[in-house]
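Read the structure below first, then the notes.
The values are calculated or read from the model by the stated rules, or taken from the named source; none is laboratory data. The structure displayed is predicted, hence computed values, not measured ones. All Cβ positions, even for glycine, are placed from backbone atoms using ideal geometry, and neighbour counts span all protein chains on display.
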Amino acid sequence: MYPKLASDSSSLILLVKSGTIQYVLKKNVIAIPKSVYEEAVVKGKLKGFEDSYIIEGYVQNSKIKIAESKDKTKDWVEKLCNLHLGERDVIALAIEKKLKVLCDDKKGRNACEVFKLETVTVLNVLNNLFEEKKLSKNKALSILSKLENYGWYKKSLIEYVRNKIKGD
């Protein structure tokens, strides 16, 4: 299966911490650049983060693939948008491979707009899984609570998604 989605570190980590990743990887493969692997796995393992080992396992099982883009593309993205290394590399990878970008970072999503790349957030993923009836209401609300604890979302956005799931 070829990746259709490229992810930055924070979104990948949120998928793992919230318990959402296994649903995403049932029918998808996620591509990540080496810089994201370094940040999420190598540095994470040094800090003892459990999610780092989970991500590493998915890489070993080829559910997450490490892929690189050309330096020329990375330089072009860097020149137009001042981004962290991981976001720059994810966007360059998405441009070259024509992938959707999983990114919760506002600056990263804004850069994706510049390059006309489709973006999704972990909250979008959660909402889609619920709407597609792949998650029960209770499971979706449980995942949302985890995202509220681990993520950096505005309270109003969390409440909006919570109300959508509850049907309010």
Legend entry - Boolean, residue 111 is in contact (Cβ under 8 Å) with a residue 40 or more places away in the chain, surrounded by 13 or more Cβ atoms within 10 Å (Cβ to Cβ), on the phi < 0 side of the Ramachandran plot and in the same structural domain as residue 36 (by TED's automatic domain parsing): no
Inset, instruction - Select from segment 8-21 the residues that are farther than 14 Å from residue 65 by Cα and among the small types (Gly, Ala, Ser) and write down the one among them that is surrounded by the fewest Cβ atoms within 10 Å (Cβ to Cβ). - result: 19
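Inside segment 1-32, can you point out the residues that are more than 16 Å from residue 143 (Cβ to Cβ) and in contact with a Gly (Cβ under 7 Å, 6 or more places away or on another chain)? Give the steps one after another, and end with the answer.
The first filter runs over segment 1-32 and keeps only residues more than 16 Å from residue 143 (Cβ to Cβ), leaving 1-10, 27-32.
Residues satisfying the conditions are 8, 9.
Restricting the search to segment 144-168, which residues are within 24 Å of residue 51 (Cα to Cα), assigned to a helix (DSSP H, G or I) and basic (Lys, Arg)? Walk me through it before giving the result.
Initial filter on segment 144-168 (within 24 Å of residue 51 (Cα to Cα)): 144-154, 158.
Of the ones still in play, those that are also assigned to a helix (DSSP H, G or I) are 144-150, 158.
Selection gives 146 alone.
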Inset, instruction - Any residue in segment 1-20 that's touching a residue at least 24 places away in the same chain (Cβ under 8 Å) and among the basic types (Lys, Arg): show its pairings with residues that are surrounded by fewer than 24 Cβ atoms within 10 Å (Cβ to Cβ) and part of a helix (DSSP H, G or I) at Cβ separation under 8 Å, as long as the two are six or more apart or on different chains. - result: 17/51; 17/146; 17/150
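Being closer than 26 Å to residue 113 by Cα and in contact with a Pro (Cβ under 9 Å, 6 or more places away or on another chain) is true for just one of 65, 34, 72, 4. Which residue is that? Steps first, please.
Numbers: 34 fails: in contact with a Pro (Cβ under 9 Å, 6 or more places away or on another chain); 72 fails: in contact with a Pro (Cβ under 9 Å, 6 or more places away or on another chain); 4 fails: in contact with a Pro (Cβ under 9 Å, 6 or more places away or on another chain).
It is 65.
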Legend entry - Qualifying residues in segment 22-34 (those that are crowded, with 21+ Cβ neighbours inside 10 Å and in contact with an Asp or Glu (Cβ under 9 Å, 6 or more places away or on another chain)) - the one farthest from residue 70 (Cα to Cα): 32
